[in-house]
Each structure stands twice: as C-alpha cells, then as structure tokens.
1. Taking strands (runs of 3 or more DSSP E) that fall entirely within the range 55-158, which contain at least 1 residues that are touching a Ser or Thr at 6+ places or on another chain (Cβ under 8 Å) and within 23 Å of D23 (Cβ to Cβ)?
2. Among K52, K14, K6, K38, which is the only one that is of a type in the set (K, R) and under 17 Å from I123 (Cα atoms)?
3. Among the residues of the range 151-161, is there at least one that is among the hydrophobic types (A, V, I, L, M, F, W, C) and under 13 Å from V77 (Cα atoms)?
4. In contact with a strand residue (DSSP E or B) (Cβ under 8 Å, 6 or more places away or on another chain), of a type in the set (A, V, I, L, M) and at pLDDT below 95, is that true of M12?
5. Any residue in the range 20-42 that is assigned to a helix (DSSP H, G or I) and of a type in the set (D, E)?
6. Which one is nearest to G111 (Cα to Cα), of the residues in the range 159-178 that are outside any loop (DSSP other than H, G, I, E, B) and touching a residue at least 60 places away in the same chain (Cβ under 8 Å)?
7. Look at R155 and say whether it is modelled with pLDDT under 90, more than 11 Å from the chain's Cα centre (by Cα) and surrounded by fewer than 16 Cβ atoms within 10 Å (Cβ to Cβ).
Amino acid sequence: MILSDKRILEEMGKGTILIQPYDRSCLGSNSYDVHLGKYLATYEEHLLDARKHNTIRHFEIPEDGYVLYPDLFYLGVTEEYTETHEHVPFLEGKSSTGRLGIDIHATAGKGDVGFCGHWTLEISVKQPVRIYHGMPIGQLIYFPVDGEIEVKYNRKQNAKYSGQANRPVESMMWKNRF
C-alpha cells in the first residue's frame, strides 16, 4: 500500500514525514517530486575497489547546465532534505527523466525508516544529456510499515549514510567487514 497525497500531508502534519524545502505543487496523487541539487561528484579513480575508501571530487552544476556522458558514473544529490520516521521511503525516477535516458539509482531506491538527509543519486545516462540544478529528477513514495521498528536508521550505531548533507556521498562499502 502506498500513501496517498492526503496521507502524506497528514503524516507531514504529524511530523513523521519532513520535506524541506516543501512546495505543494510538487505533491502528486501518491508521490512527491524531488529536484536535482546543485552538486555532482565523480570518483577520482577509474578503478573502484570495494574494500577501499574510493574518494570523489565534487563540483557545482553551472547555470547553463552540465552534460552527462554514457560510460561515466555520477553521484548527484536531491535539493530536498527529507526525514521519514514511520514509513519506508522509495525514490524512483520520474518518467520524464527516464525518457531522457537518465537513471537516478543503480540499486539504492529504498530508504529506511528513520532516514534523515539529502538523497544521494547514482546517475548514469544512455546518451549525452544536459542537466540543470533544480530540475525535477525523481519522486518519493511512502509505504506503511507492518509491525513495530526496533531500531530506526538514524539511531543505528553503524548507519553509514545518516544525516547526508547537500553534497553527494561516496560509497561506504569499505566500512563493512568482509
């Protein structure tokens, strides 16, 4: 079951969902449109190592946009800061984004109850495309949880992505033991 627009508004009123900045025109019948933040990042090295802290280089999207190219991997960020305390948030691409050949996440479309922060986007494209800061990039949908949550994400000691800032965050796989 997905929350409707009225239920999203009710949950925002209760403080269980927070979206900042919030714009009523971005609320769909069962989703909320999020926008591309002003920062992108790329990994500094071509070969990534899952056991290594792979560092990234941040840069700002110019006013006249930035061209993304296939075979390159970009990290982006949502303009919106969100908190979700009682529901499971899912971030999906908008159909208009997909029709431009832009994928906004490779695997990480689901958030956890208790996620607080800006969403890091895992961006790849099918052909060159110019993107702009502030363009609609995705939509958040919310699912109710069946049962009580024992430990919310923002209260976990090992929450690697809690409180993400308004800049993309690199993979923290290297913090896992394997």
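1. On the way: elements: 56-60, 66-68, 74-84, 87-93, 116-125, 129-131, 136-144.
In the range 55-158, the matching strands (runs of 3 or more DSSP E) lie at 74-84, 87-93, 116-125, 136-144.
2. On the way: K52 fails: under 17 Å from I123 (Cα atoms); K14 fails: under 17 Å from I123 (Cα atoms); K6 fails: under 17 Å from I123 (Cα atoms).
So the residue among K52, K14, K6, K38 that is of a type in the set (K, R) and under 17 Å from I123 (Cα atoms) is K38.
3. Looking only at the range 151-161, we keep the residues that are among the hydrophobic types (A, V, I, L, M, F, W, C), and these are 151, 159.
Next, only the ones that are under 13 Å from V77 (Cα atoms) stay: none.
Among the residues of the range 151-161, not one is among the hydrophobic types (A, V, I, L, M, F, W, C) and under 13 Å from V77 (Cα atoms), which makes the answer no.
4. Numbers: in contact with a strand residue (DSSP E or B) (Cβ under 8 Å, 6 or more places away or on another chain): yes; of a type in the set (A, V, I, L, M): yes; at pLDDT below 95: no.
Taking the combined requirement at face value, the residue does not satisfy it.
5. Just the residues of the range 20-42 that are assigned to a helix (DSSP H, G or I), to begin with: 24-26.
Now restrict to residues that are of a type in the set (D, E): none.
Within the range 20-42, none of the residues are assigned to a helix (DSSP H, G or I) and of a type in the set (D, E).
6. In the first step, residues of the range 159-178 are kept if they are outside any loop (DSSP other than H, G, I, E, B); the result is 164, 173-175.
Add one more test, that the residue is touching a residue at least 60 places away in the same chain (Cβ under 8 Å), and what stays is 164, 173-174.
On the way: Q164: 12, M173: 17, W174: 20 Å.
This residue is Q164.
7. Details: modelled with pLDDT under 90: yes; more than 11 Å from the chain's Cα centre (by Cα): yes; surrounded by fewer than 16 Cβ atoms within 10 Å (Cβ to Cβ): yes.
Yes; evaluated as a whole, the condition is true for this residue.
Rundown of residues vs (1) within 13 Å of the chain's Cα centre (by Cα); (2) surrounded by fewer than 12 Cβ atoms within 10 Å (Cβ to Cβ); (3) among the aliphatic types (A, V, I, L, M), yes/no style:
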| site | (1), (2), (3) |
| --- | --- |
| G28 | no, no, no |
| L36 | yes, no, yes |
| A50 | no, yes, yes |
| D64 | no, yes, no |
| D103 | yes, no, no |
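The values are calculated or read from the model by the stated rules, or taken from the named source; none is laboratory data. Source: prediction; values computed, not measured. Backbone-built Cβ (ideal geometry, glycine too); neighbour counts: all protein chains shown.
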